[in-house]
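Notes for the one structure printed next.
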Amino acid sequence: MSSNPELSALFNRGYQHGFVTDIESDTVPPGLDESVIRLISAKKREPKFLLDWRLRAFEHWRTMREPHWAHLHYPPLDYGAISYYSAPRPKGDGPKSLAEVDPKLLETYAKLGVPLHERARLAGVAVDAVFDSVSVATTFKERLAEAGVVFCPFSEAVISHPQLLEEYLGSVVPYTDNFFATLNSAVFTDGSFVYVPPGVRCPMELSTYFRINAAKTGQFERTLIIAAAGSHVSYLEGCTAPMRDENQLHAAVVELIALEDAQIKYSTVQNWYPGDAQGRGGIYNFVTKRGECRGRNSRISWTQVETGSAITWKYPGCVLRGENSVGEFYSVATANNFQQADTGTKMIHIGANSRSTIVSKGISAGHGQNTYRGLVKIMPSARGARNFTRCDSLLLGPQCGAHTFPYIETRNPGATVEHEASTSRISEDQLFYCQQRGLSTEDAVNMIVSGFCRDVFRELPMEFAVEAQNLLAVTLEGAVG
Amino acid sequence: MSAPLLQIDSLSASAGGTPLLHGVSLSVNAGEVHAIMGPNGSGKSTLAHVLAGRPGYLITGGTVRFDGADLLALPPEERARAGLFLGFQYPVEIPGVSNAYLLKAALNARRRQRGEPEIDAFDFLNLVRERMRTMHIDDALLTRGVNEGFSGGEKKRNEILQMLVMEPRLALLDETDSGLDIDALKIVGHGINSLRAPERAVVVITHYQRLLDYVVPDQVHVLARGRIVRSGNRSLALELEQRGYDWLLEAATAGA
């Protein structure tokens with residue numbers, strides 16, 4: 001690449017969402033003990049079972065140690081220096097409708113390209129907006145309610161649907177699951193809750209937009225999606241944060257449950273602040289996402305475009321318990337500058353004839369380190385199970401790295417597991433070919449990278465596919481040199 | 001008479017310290033077709049790549065004017081936008097990028113240069129489909145990745161398709177005829193001829209004169225060891241077919 005001087009001269013527009021909203025917040029002092037958990041639970045007027053669950057998680061967390069098996073390097077996190085709750089201070093009793101939401105918040109989301117006024121929204125997408133520790137607005141609730149779909153902030157579901165929470169919360173990711181999920185279980189503040197009743201096809205895309213604003217706080221949101229028998233839902237998640245010099249922790253948990261014949265499609269465009277070109281600042285994104293195909297013929301599909309965060313540690317997986325159930329994972333992960341990504345999936349085959357597909361596209365640039373880590377596990381009961389994995393890495397520049405750790409455990413001799421992998425660079429020949437057709441170096445790189453990601457982008461809902469492509473272009477600006 | 005569309009004066013170039021072109025001079029007027037012939041390693045492809053601006057070559061002397069501008073001062077994409085097209089001898093594959101996407105991007109790059117708006121999606125499809133018929137290219141190739149899994153002949157026809165869509169002022173075709181069967185050769189020849197116009201010129205680089213049966217050149221040049229050693233009309237190509245290149249090489253060596 002070095003022989004083309006234009007490549008190193010690509011301009012850098014940088015991170016687009018790095019502004020801070022100046023808003024009064026209620027923020028608890030840094031530090032974590034039982035009283036903080038009781039405070040969070042009390043603020044949310046939670047039932048006793050939930051407080052007890054949090055406290056059990058906290059007890060367990062104190063016995064755990066931060067995991068370091070991933071291909072990631074960072075100084076130890078000081079969990080005592082983080083504030084575990086920050087909420088924009090409500091004016092009066094808190095908003096009952098969009099008209100009562102603080103205009104500064106509406107402005108923030110409009111600036112992020114997520115206008116919360118329903119008339120301004122794309123007609124087909126309902127949004128839950130989570131700002132630091134709380135949900136500030138949810139659109140199209142009435143229209144969804146007509147279809148029987150529940151889409152609300154987690155903290156609201158705690159009050160309105162406690163029985164569903166008690167039944168499903170922690171049933172896919174137990175509070176003992178792993179260090180970060182356990183921490184989340186103890187201190188989670190808000191997130192989205194979705195319930196799609198039997199036989200209902202959700203009439204619109206659901207989406208949650210996560211925004212970290214306050215300094216020195218962690219964001220610990222929790223999302224739970226339940227698709228009852230024969231139902232169908234597509235859910236999108238987007239995230240951004242201000243540019244700050246210190247690192248901030250984001251440790252979310254997402255649980256999906258698909259019952260018989262149900263389908264859940266979960267798409268993420270993750271654009272947390274990645275840190276600057278020298279590697280200062282950025283979000284530490286330690287996330288546990290897991291779906292369970294509990295019923296026969298159920299299907300869960302994860303699509304993720306991971307462009308942000310200083311560190312990404314996430315493995316959205318599927319437990320394929322139901323017979324004939326299907327799990328899918330489509331991922332584009334980029335690591336530019338000093339970003340580190342260790343991401344992949346887990347496909348646990350339990351049900352007979354369960355099938356899974358994994359398509360992972362890793363792009364490394366600058367000093368970025370990109371790791372695919374995936375587990376395909378076939379249990380003895382999963383006769384006729386099939387997995388196909390395709391894992392491609394693209395390197396831009398000489399100082400970045402791509403690493404692949406596929407783990408395959410087969411305990412059923414009748415299963416079929418396929419794994420394909422490749423590592424490539426953008427060649428001089430490809431660049432020159434595109435330039436000879438009138439494309440600038442930058443457009444040529446973007447086009448070639450988009451082509452590399454095509455198998456993943458086409459899994460995204462339309463509204464997100466365009467955004468993802470643009471985001472990738474911005475992320476990789478100045479990447480080649 | 002107006003200035004030539006392409007005016008090469010004493011062009012010398014090297015790659016990795018090895019001199020490859022030694023003072024090539026050539027002028028091509030609008031409306032003309034020139035053929036550049038010569039043995040392997042004579043510098044034919046180097047000349048095409050240097051004109052198109054491929055990185056990796058050092059210009060050690062001479063000038064090139066294209067349509068009045070200093071061609072060598074322009075980056076490759078601006079040469080392309082100004083109307084210089086290179087048909088590649090070995091077209092690269094770009095996985096996942098559809099042929100249609102590249103064609104549209106290329107056409108719009110040309111249109112922007114001419115101050116025209118981007119082409120409407122329907123107009124684009126109509127234009128491309130028509131040009132694909134000229135090149136006997138199946139519609140399915142539009143949605144396939146650029147040259148991805150194309151046969152050798154499909155790749156070459158695809159190059160000419162791109163040329164027909166971009167409508168360049170000057171087309172440099174680097175061994176577009178190599179590896180083509182006789183039917184494909186006719187199609188390619190027909191495609192090139194369909195571009196011929198008083199304001200355009202074509203430079204065909206080839207080993208063999210058989211393409212010249214279909215694309216009849218106004219002038220034929222022989223490039224050997226980085227120099228043009230002989231220029232003539234159509235009959236020179238036929239003579240080369242009869243006698244090979246050795247007699248010219250000997251003459252060139254004797255003259256050097």
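The 3J(HN,Hα) values that the Karplus relation (6.51, -1.76, 1.60; θ = phi - 60°) gives for segment B:85-97 are, in residue order, 10, 10, x, 6, 5, 10, x, 7, 8, 10, x, x, 9 Hz. Gly and Pro appear as x.
What's the average, rounded to a whole number, of partner chain beta-carbon atoms within 10 Å of each residue's beta-carbon in A:445-457? Numbers along the way, then the final one.
Details: counts 0, 0, 7, 5, 2, 3, 10, 4, 1, 6, 2, 1, 1.
Mean partner shielding for this stretch: 3.
Amide H contacts under 5 Å for A:S356: A:G327, A:R386, A:N387, A:F388, restricted to partners 5 or more places along the chain or on a different chain, H placed in the peptide plane at 1.01 Å from N. Between A:E246 and A:R62, the simple label model (points 7 Å from Cα in the Cβ direction) yields a spacing of 2.5 nm. The string of couplings for segment A:337-351 from the Karplus curve (6.51, -1.76, 1.60, θ = phi - 60°) is 6, 10, 5, 10, 10, 10, 8, x, 8, 10, 10, 9, 8, 10, x Hz, one whole number per residue in order, with x for Gly and Pro.
For A:D78 and A:N470, what is the calculated FRET efficiency with R₀ set at 60 Å and r taken between the beta-carbons, to the nearest 0.05?
Working: r = 36 Å, r/R0 = 0.60.
My answer for the efficiency is 0.95.
Between A:C152 and residues 5 or more places away or on another chain, which pairs have amide H atoms under 5 Å apart, with H built 1.01 Å from N, and which residues are they? The answer is A:F193. Annotation: extensible slack from B:D9 through B:S235 equals 78.8 nm (criterion: 0.36 nm per residue apart, minus Cα-Cα distance). Ranked by the mean number of other Cβ atoms within 10 Å per residue, highest first, peptides A:73-80, A:415-422, B:216-223 order as B:216-223, A:415-422, A:73-80. With the Cα gyration tensor of chain B giving a ≥ b ≥ c as the square roots of its eigenvalues, does the rule (a/c under 1.5 for rounded; else a/b larger than b/c for prolate; else oblate) give rounded, prolate or oblate? Here chain B falls in the prolate category. A cut-off of 5 Å between modelled amide H atoms, ignoring neighbours fewer than 5 places along the same chain, links A:L375 with A:T345, A:K346, A:M347, A:Y407. 3J(HN,Hα) couplings calculated from phi for segment A:319-326 with the Karplus curve 6.51 cos²θ - 1.76 cosθ + 1.60 (θ = phi - 60°) are, in sequence order, 9, 8, 7, x, 4, 6, 7, 10 Hz; Gly and Pro show x. Does the protein assembly as shown come out rounded, prolate or oblate, given a ≥ b ≥ c as the square roots of the eigenvalues of its C-alpha gyration tensor, rounded meaning a/c under 1.5 and, failing that, prolate meaning a/b above b/c? It is prolate, given that a/c is not under 1.5 and a/b is the larger ratio.
Of the peptides B:123-134, A:268-279, how do they stack up when ordered by the mean number of other Cβ atoms within 10 Å, highest first?
Details: B:123-134: 15.2, A:268-279: 21.7.
In descending order of packing, they fall as A:268-279, B:123-134.
Applying 0.36 nm per residue to the separation of B:A100 and B:T143 and subtracting their alpha-carbon distance, the gain on full extension is 14.9 nm. For the pair A:E409 and A:I159, the difference between a 0.36 nm per residue extended length and the Cα-Cα distance amounts to 85.8 nm.
Each of A:L51 and A:D33 was given a label point 7 Å from its Cα along the Cα-to-Cβ line. The distance between the two points is 1.8 nm.
Shielding by partners for peptide B:81-90, expressed as the average number of C-beta atoms from other protein chains within 10 Å of each residue's C-beta, is 2.
Say R0 is 45 Å: what FRET efficiency, to the nearest 0.05, do B:Q242 and B:E199 get from their beta-carbon distance? Don't jump to the answer; show the numbers that get you there.
Working: r = 35 Å, r/R0 = 0.78.
For B:Q242 and B:E199, the calculated efficiency is 0.80.
Counting only alpha carbon atoms, the long axis of helix B:99-113 and the longest principal axis of chain B meet at about 70°. When DSSP beta bridges are restricted to pairs lying wholly in chain B, around 55% turn out antiparallel.
Using a Förster distance of 35 Å, how high is the FRET efficiency between B:R210 and A:T423, based on the Cβ-Cβ distance and rounded to 0.05? Provide the component values of the computation, followed by the final result.
Working: r = 42 Å, r/R0 = 1.20.
With a Förster radius of 35 Å, E is 0.25.
Once C-alpha pairs closer than 8 Å and six or more residues apart are averaged by separation and normalised to the residue number of chain B, the relative contact order reads 27 percent.
Where does the charge balance sit around B:G23 when Lys and Arg score +1, Asp and Glu -1, over other residues with C-beta under 11 Å from its C-beta? Don't jump to the answer; show the numbers that get you there.
On the way: positive: B:R227; negative: B:D9.
Residues close to B:G23 contribute a combined charge of 0.
By its C-alpha gyration tensor, with a ≥ b ≥ c as the square roots of the eigenvalues, how is segment A:275-402 shaped: rounded for a/c under 1.5, else prolate for a/b larger than b/c, else oblate?
Working: a/c = 3.46, a/b = 2.36, b/c = 1.47.
Cα axes put segment A:275-402 in the prolate bin.
Where a number appears in this text, it was derived from the coordinates with a stated rule and is not lab data. Treat the numbers as computed from the prediction; the structure is a model and nothing was measured. Glycine also receives a Cβ, built like all others from the backbone with ideal geometry; neighbour counts cover every protein chain displayed.
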